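Reviewing the structure listed below.
The values are calculated or read from the model by the stated rules, or taken from the named source; none is laboratory data. Note that the coordinates shown come from a computational prediction; the quantities given were computed from them, not determined experimentally. Here the Cβ positions follow ideal geometry from the backbone for every residue, glycine too, while neighbour counts run over all protein chains shown.
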Amino acid sequence: MRLDAFSICHKYGIIIAIDNVSVSLASGEFVGVLGPNGSGKTTLLRVLSGVQKPSGGTVLLDGEDVHKMRPKSVAKKIAVVPQNGYIPFPFSVFETVMMGRQPHMARFSRESPRDIHVVSQAMEATGVAHLADRSVLDLSYGERQRVVVARALAQEPGILLLDEPTSHLDPGYRMEIMDVFKSLSRCKNIGVLAVLHDVNLASQYADRLIMLNQGKKVADGTPREVVTKEILESVYGVESVVGTHPVVGCPQMMLVPGFRAGKGEGNLSGN
């Protein structure tokens, strides 16, 4: 399966959110999307998923215009894990994950043995099978996030779009959930595109990184090509040192604190 976006532009009134951005995602590929707040990352994700029709450009899903497809047809191929996976009602974990089967079920029909099998596999893959009968309202944030991912997997997508899936997670949960996504990419041949704020985490897991700034794509390449001192400082406006992860071997960004760079003490003293 393949997702291609060509020359995407989108405006909110007079504000340009995305300006002539082209991206691609293939089965089995893990792509990270980076950039400061307001750079257009979430808008790009909404356009790619078919939820937001762009002001200009085209998004093709296996060669078909995603914005001309029926939503149910898109949902059979693309699953989205939103930034806030809050579930306001006391559904059980099993019931919540079963919601992911809706694109494959006729209206008012009951789940089939295959639906139950797919849901069980999705819960096993995300480590929430033992929570099947628990209310989602009784779970920790990290557990709830896993349930949201399992619901997306129950759609049996070829493409998985993630909007800051590790926000509000502590380091342990963050690594665990990213391991799940990487495993899905490698073992189930799912194309994964993740909007992330953590540059180092993205560098550790992504095959390719896309850097956005002020709605424009400023870099697209391997972590070593994108996570450079020059690009990071021009995009984020911070002084940094780029080193190499001692185990993974990928580039890692280390920020230079303002007081070390001679920018902190003067501001505090009012000079």
Query - For Lys53: the one exception among (1) surrounded by 18 or more Cβ atoms within 10 Å (Cβ to Cβ); (2) modelled with pLDDT of 90 or more; (3) touching a helix residue (DSSP H, G or I) at 6+ places or on another chain (Cβ under 6 Å); (4) part of a loop (DSSP other than H, G, I, E, B) - result: (1)
Report task. Filter the stretch 194-229 down to residues that are of a type in the set (Asp, Glu) and either touching a Cys at 6+ places or on another chain (Cβ under 6 Å) or not in a helix (DSSP H, G or I) (or both) and give me whichever is farthest from Val31 (Cα to Cα). Result -> Asp198
Report task. Check the stretch 157-165 and report whether any residue there is closer than 24 Å to Glu95 by Cα and surrounded by fewer than 18 Cβ atoms within 10 Å (Cβ to Cβ). Result -> no
**Report entry** Among the candidates Arg46, Arg70, Arg101, residue that is among the charged types (D, E, K, R) and within 19 Å of the chain's Cα centre (by Cα)
**Finding:** Arg46
Requested in this report: Show the residue pairs that are 6+ apart or on different chains and have beta-carbon atoms under 6 Å apart, the first residue being within the stretch 130-143 and free of Cβ contacts under 8 Å to residues at least 60 places away in the same chain, the second being aromatic (Phe, Trp, Tyr) and assigned to a helix (DSSP H, G or I).
Outcome: Ala132/Phe94; Gly142/Tyr173
Report summary line: Checked the stretch 76-94 for anything without any contact (Cβ under 8 Å) to a residue 40 or more places away in the chain and buried (at least 16 other Cβ atoms within 10 Å of the Cβ); matches are Phe94
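Is it the case, given these coordinates, that Val21 is within 25 Å of Thr166 (Cβ to Cβ), of a type in the set (Val, Ile, Thr) and in contact with a strand residue (DSSP E or B) (Cβ under 6 Å, 6 or more places away or on another chain)?
Working: within 25 Å of Thr166 (Cβ to Cβ): yes; of a type in the set (Val, Ile, Thr): yes; in contact with a strand residue (DSSP E or B) (Cβ under 6 Å, 6 or more places away or on another chain): yes.
Yes: the conditions hold for Val21.
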Report summary line: Only one of Leu60, Leu45 is surrounded by fewer than 19 Cβ atoms within 10 Å (Cβ to Cβ), under 30 Å from Arg224 (Cα atoms), aliphatic (A, V, I, L, M) and in contact (Cβ under 8 Å) with a residue 12 or more places away in the chain, namely Leu60
**Report entry** Residue that is surrounded by the fewest Cβ atoms within 10 Å (Cβ to Cβ), among those in the stretch 1-17 that are of a type in the set (A, V, I, L, M, F, W, C) and either over 17 Å from the mean Cα position of the chain (by Cα) or more than 19 Å from Leu193 (Cβ to Cβ) (or both)
**Finding:** Ile14
Query raised in the report: If you check Ser185 against the conditions, is it among the small types (Gly, Ala, Ser), under 28 Å from Glu111 (Cα atoms) and surrounded by fewer than 16 Cβ atoms within 10 Å (Cβ to Cβ)?
Result: no
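Regarding Val136, is this residue crowded, with 17+ Cβ neighbours inside 10 Å and closer than 20 Å to Ile159 by Cβ?
Working: crowded, with 17+ Cβ neighbours inside 10 Å: yes; closer than 20 Å to Ile159 by Cβ: no.
Against the criterion (crowded, with 17+ Cβ neighbours inside 10 Å and closer than 20 Å to Ile159 by Cβ), Val136 does not qualify.
Out of the residues in the stretch 189-239 that are of a type in the set (Lys, Arg) and surrounded by fewer than 17 Cβ atoms within 10 Å (Cβ to Cβ), state the one that is nearest to the chain's Cα centre (by Cα). So that I can check it myself, show each step before the final result.
Step one: list which residues in the stretch 189-239 are of a type in the set (Lys, Arg), which gives 208, 216-217, 224, 229.
Subset that is surrounded by fewer than 17 Cβ atoms within 10 Å (Cβ to Cβ): 216, 224, 229.
Values: Lys216: 18, Arg224: 20, Lys229: 24 Å.
Only one residue tops the list, namely Lys216.
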**Report entry** In the stretch 18-42, the residues that are outside any strand (DSSP E or B) and either more than 14 Å from the chain's Cα centre (by Cα) or farther than 22 Å from Asp198 by Cα (or both)
**Finding:** Ser27, Gly28, Pro36, Asn37, Gly38, Ser39
